[in-house]
1. From Leu11, Leu72, Leu29, grab the single residue that is closer than 30 Å to Lys286 by Cα and without any contact (Cβ under 8 Å) to a residue 40 or more places away in the chain.
2. Note down all Cβ pairs under 6 Å where the first residue falls in region 53-64 and is touching a residue at least 40 places away in the same chain (Cβ under 8 Å) and more than 15 Å from Gly209 (Cβ to Cβ), the second is of a type in the set (A, V, I, L, M, F, W, C) and crowded, with 21+ Cβ neighbours inside 10 Å, and they're at least six residues apart or on different chains.
3. Go through region 268-293 and give me each residue that's surrounded by fewer than 14 Cβ atoms within 10 Å (Cβ to Cβ) and assigned to a loop (DSSP other than H, G, I, E, B).
4. Which of the residues spanning region 100-120 are surrounded by fewer than 22 Cβ atoms within 10 Å (Cβ to Cβ) and touching a helix residue (DSSP H, G or I) at 6+ places or on another chain (Cβ under 9 Å)?
5. Looking at this structure, is Gly173 of a type in the set (Gly, Ala, Ser) and over 21 Å from the mean Cα position of the chain (by Cα)?
6. Based on what the data block shows, is Arg16 in contact (Cβ under 8 Å) with a residue 12 or more places away in the chain and in contact with a strand residue (DSSP E or B) (Cβ under 6 Å, 6 or more places away or on another chain)?
7. Please enumerate the residues belonging to region 355-375 that are buried (at least 16 other Cβ atoms within 10 Å of the Cβ), under 26 Å from Asp483 (Cα atoms) and not hydroxyl-bearing (Ser, Thr, Tyr).
8. Of the residues Ile314, Ile343, only one is assigned to a strand (DSSP E or B), touching a Pro at 6+ places or on another chain (Cβ under 8 Å) and of a type in the set (Val, Ile, Thr); which?
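The values are calculated or read from the model by the stated rules, or taken from the named source; none is laboratory data. Small disclaimer: the values here were computed from a predicted structure and weren't measured. Cβ placement follows ideal geometry from the backbone for every residue including glycine, while neighbour counts extend to all protein chains displayed.
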Amino acid sequence: MDYELSEQQKLHLKIRTLEFRIDQLQKRLNDEDVSIKVHTGKIRGSKRLTIYRKAYYSFERIPYALPPVGELRFRAPKPITAWKHVRDCTWHGPKAMQRNPMDPMTIEGSEDCLFLNVYTNNIKPIKLRPIMFWVHGGGFQFGEANCEQYGPDYFMMKDVVLITVQYRMGALGFLSLNDPGLHTPGNAGLKDLILALKWVKRNATSFGGNPECVTVFGESAGAAAVHYLMLCEHARGLFHRAILQSGTAVSDWAITDCTKRAYDLAKNAGYEGEYKERHILKYLLKLPADEILKAEAKCLQRNDRELFGFAPCIEPYFTAHTVICKPAEELMAHAWGNSIPLILGANSLEGLFFKRTALKNKDAILQLLETCAQYVPKAAAVRRESPECLDKGLKLRKIHIKGQRPTLDDFYEIITFAYYWHPIQKVIEARLKYARKTPTFLYRFDFRSDKLINPFRLMRSPDWDDADESGGKGDVKGVAHTDELAFLFSSILAEPMDRQSREYTCLKRMISMWTQFAEAGNPNSAKTPDNKWRSLHHRHNNEEAYKCLNIDDSLTFIDLPEMEKLKVWKGLYEMHRTMPERARAVDVIAFAQSSL
């Protein structure tokens, strides 16, 4: 997908980043550094001021695993060992190795990336505090846990401990090989998260956190990762509530078959040997990490039609660390995560995030929209080219294409359903069936703002000045993928909002509901007095619309507006009860790009 910024945008972003770093240094109270002890040694953190001048403690770049380098590359992480000196944790560490999505020619980060950051406004509270453990998104390809994108400022208004975590991505985090003797079944990135949660359980009290009150939350691929942890027995008991923002493990983009891609990766990096996994792994282990990333960019071929070359996969054999042993749809029936409270939801027009790609590939995308067959979920079609799939695509066309000919507005809407709302629908149906005694809360974020934004807004906007409104220059406007993050985390683009502004009101509501849920397993608080956010289990029959909390300038508890169209999506499976084989998912955007 095309997120590359113009040279002017890149310069503007670099300036804002530099200004932010200077501001962070100025907000550090140098005479109030603090040291604490974790199970592997002492660490030194700093005391800082939030964007609203509230003091808090920051401990960044805390290692939770050995550096995943050398023989540990591609493999399950190993716990960090003890150190003797006082480790400096006053500044954030490097992000995981990745291509910069806004400057694809730039490879940044480090393989030595398995760090977490801990933030709290009181390290010695009278009562241990709820822990909120954040998993960043980025399609399992890019992202970071650092304060330049996920600043703790707003959460520090509340009595919680916020932890942000880094994990491996791309081939370095998800390379999978079939040979059990090579100890590389895949999903190392997800295993990083499990080890980090074990670290939290062991060390939470050192920061005033309650290890028996942990909420794991994430957005996009981060939400899918959280959902996978809810389905994995190795994560049982490591957290007690979850929030899925715009992502699930049953999203077609959240699973891939990357067991055959190791050979392509090696060939792209210069390997000339046979298809023997032992030789392939030996070759890849000797390569510099940046060479692997360069080769990875060439792994998706024209006919693959997948969004990501390396992402979570069903592991080819069992190990002591197996995370995914079968499709997520099957795991949901008996998952331990059915026993914990859940918030999930999405933004009203998620697909608008792909505006830049849509504009660049307009003709190819509009051609795909003529039949919409490429949007049919992989579990609902035997073969992509079959008459059955075409028929189902036309059913989707009927509800999503508003005129005689498709438009990019239609593209934004159908992507919103295909990538986000329909997978959420599948999780809701599973929770209503298999988690009947556990609350599930649904939200819909529909708050538009041109004043409080984050760096992700730039990824969909061709011009910096067009970042102020989602559609821009007379186009469709809406609340896109990642927009809600600006109301949970500060960033390099965040500005202090007037306390009487609508943005500040929304921010306070979001933080209050999320932290209230972390504390009590129920998001209702003083901020939702007249619109009690009820669990989905209050529905009486399958035809009744899902009730959701609509988050706009006001909080309203309403029937989900997307419900009627979601019924059509659900009906695609009623036409297809038996499946001799599962068709591979077709990624619309990747296909559109490859068609040019």
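1. Values: Leu11 fails: closer than 30 Å to Lys286 by Cα; Leu29 fails: closer than 30 Å to Lys286 by Cα.
That would be Leu72, the only listed residue that is closer than 30 Å to Lys286 by Cα and without any contact (Cβ under 8 Å) to a residue 40 or more places away in the chain.
2. What qualifies is Lys54/Met156; Glu60/Cys89; Arg61/Cys89; Arg61/Phe115; Pro63/Phe115.
3. Gly270, Glu272, Gly273, Glu274, Tyr275, Lys276, Pro288
4. Quick first cut of region 100-120, residues surrounded by fewer than 22 Cβ atoms within 10 Å (Cβ to Cβ) only: 100-108, 110-112.
Listed by number, the residues that qualify are Pro101, Met102, Asp103, Ile107, Ser110, Glu111.
5. On the way: of a type in the set (Gly, Ala, Ser): yes; over 21 Å from the mean Cα position of the chain (by Cα): no.
Taking the combined requirement at face value, the residue does not satisfy it.
6. Values: in contact (Cβ under 8 Å) with a residue 12 or more places away in the chain: yes; in contact with a strand residue (DSSP E or B) (Cβ under 6 Å, 6 or more places away or on another chain): no.
When the stated conditions are applied, Arg16 does not pass them.
7. Taking region 355-375 and keeping what is buried (at least 16 other Cβ atoms within 10 Å of the Cβ), we get 355-358, 360-361, 364-366, 368-369, 371-375.
Checking the rest, the ones that are also under 26 Å from Asp483 (Cα atoms) come to 355-358, 360-361, 365-366, 369, 375.
If the condition is that a residue be buried (at least 16 other Cβ atoms within 10 Å of the Cβ), under 26 Å from Asp483 (Cα atoms) and not hydroxyl-bearing (Ser, Thr, Tyr), then Lys355, Arg356, Ala358, Lys360, Asn361, Ile365, Leu366, Leu369 are the ones that fit.
8. Values: Ile314 fails: assigned to a strand (DSSP E or B).
Result: Ile343 is the single residue among Ile314, Ile343 that is assigned to a strand (DSSP E or B), touching a Pro at 6+ places or on another chain (Cβ under 8 Å) and of a type in the set (Val, Ile, Thr).
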